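The values are calculated or read from the model by the stated rules, or taken from the named source; none is laboratory data. Owing to the predicted nature of the structure, the values given are computational and were not obtained by experimental measurement. As a convention, Cβ positions derive from the backbone with ideal geometry for all residues, glycine included, and neighbour counts pool all protein chains shown.
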Amino acid sequence: MLELKSLCKIFNAGTINEVMSLKNVNLRIEDGSFVCVLGTNGSGKSTLLNAVAGTFLVDSGYITLNGKDITQWPEYKRAFHIGRVFQNPFSGTAPAMSIAENLALAARRGKKRGLGWGLPDTLLNSLRDRVKSLNMGLEDRLDTPIGKLSGGQRQALTLLMSSLVRPDLLLLDEHTAALDPKTASKVIELTEKIVNEGKLTTLMVTHSMQQAVNLGDRVIMMHQGSIRYDFQGEEKKRLKVNDLLSLFDELRRKDQIDTTVADLLINSYV
Ligand SMILES: Nc1ncnc2c1ncn2[C@@H]1O[C@H](COP(=O)(O)OP(=O)(O)O)[C@@H](O)[C@H]1O
Ligand SMILES: [Mg+2]
């Protein structure tokens, strides 16, 4: 279980660029839950995932994963437990290394004494089977450097790598946003398969309301660093794209009213 208590993160504190990217965020995610994270640009979705992954330390609040307080843990230590896939297909893999070498590295995650750099046949064969299950014809190209592959192939492999050793938590940050629609839907299909088969606790940021409606068992919507809506259970099952669109409109209207009120207040003092 992942639990976030009163998380706050301020960037550029004390400067004109100060922004409170997480404002007192509370969130509890049960084991095996697949949560889609929606929100306008700059609403704090990536900051939320980065705070959990340990890209930076939060200014206040607590993060616990499976009962362990990881708030002060460095990123590398959290990486033993957390799998990640980013928007950019160039992140998360070593481009000059072959598919097999990248997979072998991923298979060693969290293991103190490794398998060495060589690849025993048994491991190679089991990795080949996993790659075959992607249905991308990559099983015959295990010696190809990852840098030579298309964005979709890389994202599929990164997904596979992030789940090769079962992570306690999987974080996906718009991992299909840079792909063409056909490839994106293939990677989404694969995501669903990997998450369901492994019953992985997952936080997936997406800008696709269709994906949020179709996938997972929970949808949260962020705005200005806070979680504004949280749909679970039957409510999530009944959720339609149009419902989400109306909520986005509502948030934008409130922003406009806030701006107008602020302008009126400023003008009334000058
Ligand atoms: N490393 C950073 N340094 C300064 N500001 C940041 C940093 N990361 C995010 N921000 C700011 O925090 C806010 C939320 O950003 P982000 O979490 O990336 O939004 P989203 O992923 O929802 O589009 C934005 O105003 C963004 O400019
Ligand atoms: Mg983002």
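Details
- The set of residues in the stretch 137-148 that are free of Cβ contacts under 8 Å to residues at least 40 places away in the same chain and not in a helix (DSSP H, G or I) contains only GLY137.
- Unmet requirement for ILE16, which otherwise passes all of (1) among the β-branched types (Val, Ile, Thr); (2) without any contact (Cβ under 8 Å) to a residue 12 or more places away in the chain; (3) under 30 Å from GLN211 (Cβ atoms): (3)
- Condition check for VAL187 on (1) part of a loop (DSSP other than H, G, I, E, B); (2) farther than 22 Å from THR47 by Cα; (3) not acidic (Asp, Glu): one failure, at (1).
- Which numbered condition ASP180 misses (of (1) free of Cβ contacts under 8 Å to residues at least 40 places away in the same chain; (2) under 17 Å from the mean Cα position of the chain (by Cα)): (2)
- Comparison of LEU2, LEU22 shows that the only residue that is in contact with a Leu (Cβ under 6 Å, 6 or more places away or on another chain), within 26 Å of ILE188 (Cα to Cα) and modelled with pLDDT of 95 or more is LEU2.
- Residues within the stretch 76-93 that are in contact with a strand residue (DSSP E or B) (Cβ under 9 Å, 6 or more places away or on another chain) and over 16 Å from VAL165 (Cβ atoms), tallied: 3
- Residue that is without any contact (Cβ under 8 Å) to a residue 12 or more places away in the chain and farther than 28 Å from ASP180 by Cβ, where the choices are THR71, THR122, THR64: THR122
- Any hit, the stretch 214-224, residues being assigned to a helix (DSSP H, G or I) and in the same structural domain as ASN41 (by TED's automatic domain parsing): yes
A quick yes/no check of all residues on (1) among the β-branched types (Val, Ile, Thr); (2) within 11 Å of ligand 1 (Cβ to nearest atom); (3) under 21 Å from ILE194 (Cα atoms):
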{"position": "CYS36", "(1), (2), (3)": "no, no, yes"}
{"position": "PHE56", "(1), (2), (3)": "no, yes, no"}
{"position": "GLU75", "(1), (2), (3)": "no, no, no"}
{"position": "PHE80", "(1), (2), (3)": "no, no, yes"}
{"position": "GLN87", "(1), (2), (3)": "no, yes, yes"}
{"position": "ALA94", "(1), (2), (3)": "no, no, no"}
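- ASP143 vs. criteria of a type in the set (Asp, Glu) and either at pLDDT below 90 or within 16 Å of ligand 1 (Cβ to nearest atom) (or both): no
- The one condition in (1) more than 7 Å from ligand 1 (Cβ to nearest atom); (2) buried (at least 20 other Cβ atoms within 10 Å of the Cβ); (3) within 18 Å of PRO74 (Cα to Cα) that THR47 fails to fulfil: (1)
- Residues being within 19 Å of MET222 (Cβ to Cβ) and basic (Lys, Arg) - total across the stretch 236-270: 4
- Any hit, the stretch 84-103, residues being more than 29 Å from ASP243 (Cα to Cα), among the aliphatic types (A, V, I, L, M) and buried (at least 22 other Cβ atoms within 10 Å of the Cβ): yes
- Qualifying residue in the stretch 53-68 (condition: in contact with a Pro (Cβ under 8 Å, 6 or more places away or on another chain) and on the phi > 0 side of the Ramachandran plot): yes
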